[in-house]
1. Looking at 125, 142, which is the one that is touching a Lys or Arg at 6+ places or on another chain (Cβ under 7 Å) and either modelled with pLDDT of 90 or more or of a type in the set (Lys, Arg) (or both)?
2. Check residue 80 against each of (1) touching a Pro at 6+ places or on another chain (Cβ under 9 Å); (2) at pLDDT 90 or above; (3) over 18 Å from residue 24 (Cα atoms) and name the one condition it does not meet.
3. Being in the same structural domain as residue 308 (by TED's automatic domain parsing), loosely packed, with under 13 Cβ neighbours inside 10 Å and either under 19 Å from residue 318 (Cβ atoms) or modelled with pLDDT of 95 or more (or both): is that true of residue 280 here?
4. How do the pairs read when you match residues in segment 83-111 that are assigned by TED's automatic domain parsing to the domain that holds residue 54 with residues anywhere that are basic (Lys, Arg) and in a loop (DSSP other than H, G, I, E, B), using Cβ under 9 Å and keeping only pairs 6 or more apart or on different chains?
5. Could you identify the single residue in 154, 130 that is at pLDDT 95 or above, of a type in the set (Val, Ile, Thr) and either surrounded by fewer than 19 Cβ atoms within 10 Å (Cβ to Cβ) or in a strand (DSSP E or B) (or both)?
6. Can you report the number of residues in segment 101-127 which are hydroxyl-bearing (Ser, Thr, Tyr) and part of a loop (DSSP other than H, G, I, E, B)?
7. List, please: which pairs have Cβ atoms under 8 Å, are six or more places apart or on different chains, and start with a residue in segment 9-27 that is more than 17 Å from residue 96 (Cα to Cα) and end with one that is not polar (S, T, N, Q)?
8. Please go through (1) modelled with pLDDT of 80 or more; (2) polar (S, T, N, Q); (3) buried (at least 19 other Cβ atoms within 10 Å of the Cβ) for residue 231 and return the number of the only condition it doesn't satisfy.
Amino acid sequence: MNSANPETEDFAISLPITTEIRQIAAQFADRQPTPVKAEQVRLKTIAVSVTNNYLNKQDVATDLASSDSWNPVMQVCENVADLELTEIGKLECRPIVSSDTTCQIPLEVWDLRIGYVVVRIEEDLKSAAILGFTPQVTTEELAIADLEPPEALIDRIHQFSESVIETSLTNLGQWFNDVIETGWQSLDNLLNSDRLTPAYGFRSIDSLGSSNSEQPDNSIIRAKLINLGVQLSDRQVILLVKLEPEANNNIGVTLQVLPQVNEIHLPENLELKVLETSSQEVFMETRSRSRDNYVQLQFSGQPGETFQVVISLAGVEFTEQFRL
């Protein structure tokens with residue numbers, strides 16, 4: 001007997017569980033250390049696979065191999081059921097059985113997801129239904145009756161696909177002439193406010209300096225708030241750029257990324273990269289670890305040289321071009 005909400009049933013999308021899906025799910029389950037974990041992995045694998053097939057029919061590009069749910073180590077260590085959507089991010093696909101009226105969403109998957117789909121799996125493992133979608137969760141127990149129709153997922157994916165993160169050119173060489181592009185602020189203007197926690201202001205000023213700390217008069221520091229987009233719930237980080245004249249007409253560049261206002265740590269696995277503009281090859285890069293409160297890169301260049309800075313997290317990228 002099915003106890004799902006009648007309205008949910010009206011928009012549920014029924015899909016077959018193919019023999020191939022059952023075989024893959026059985027293989028993954030056989031690797032698990034306990035029967036309980038094996039059944040959990042079996043159902044999650046089916047939920048991810050069914051969702052993957054559905055999205056592929058909707059011309060949505062996916063990458064199962066890059067999904068944590070397809071990683072043998074992650075299957076054992078984490079309770080994840082993610083599906084990587086190419087150039088978009090991770091979609092969490094949580095399974096339920098026919099008698100369930102709620103879906104468990106573990107805390108470990110509350111972050112870095114573009115949304116959550118709930119997939120009901122029939123007892124005979126021959127059919128499933130995508131019951132609905134929600135863009136975010138705030139509780140570990142999600143009521144099936146609160147889901148949006150599956151079409152809301154497709155709309156959200158299209159929204160992500162059509163959004164283009166602007167790539168602009170910032171002329172750093174003109175900063176020495178006090179010509180500063182819109183969006184860049186002095187470090188003091190950004191940090192000197194009651195909105196910031198003491199820890200935030202302290203580490204920022206110590207790491208790059210401010211007008212109130214000792215530094216060469218001819219160095220320049222500017223900061224910019226970077227919005228990584230709706231894919232990550234409009235998460236912001238701060239990009240700091242410090243310029244300092246060096247010998248032989250070189251310009252020293254320090255790049256630093258810090259958490260958004262009133263957050264102490266960066267999200268784990270945020271990447272900061274510098275690319276050669278002409279070749280698009282990575283010149284240098286760094287990645288945040290758990291509990292890092294900033295990442296930093298330093299290099300030197302000649303006036304007129306160009307480079308790109310890329311900040312990326314969970315498949316979302318911000319890119320800005322610079323000219324020295």
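1. 125
2. Here residue 80 clears every test but (3).
3. yes
4. Matching pairs, first to second residue: 89/113; 90/113; 91/113; 92/113.
5. 130
6. Step one: of segment 101-127, the residues hydroxyl-bearing (Ser, Thr, Tyr) are 101-102, 116, 127.
Okay, now just the ones that are also part of a loop (DSSP other than H, G, I, E, B), so 101.
Final tally of qualifying residues: 1.
7. Final answer for the pair search is 26/42.
8. So residue 231 meets the others, but not (1).
The values are calculated or read from the model by the stated rules, or taken from the named source; none is laboratory data. Just so we're clear, the structure is a prediction, and the values are computed from it rather than from any experiment. In this analysis, Cβ positions are derived from the backbone assuming ideal geometry, glycine residues included, and neighbour counts consider all displayed protein chains.
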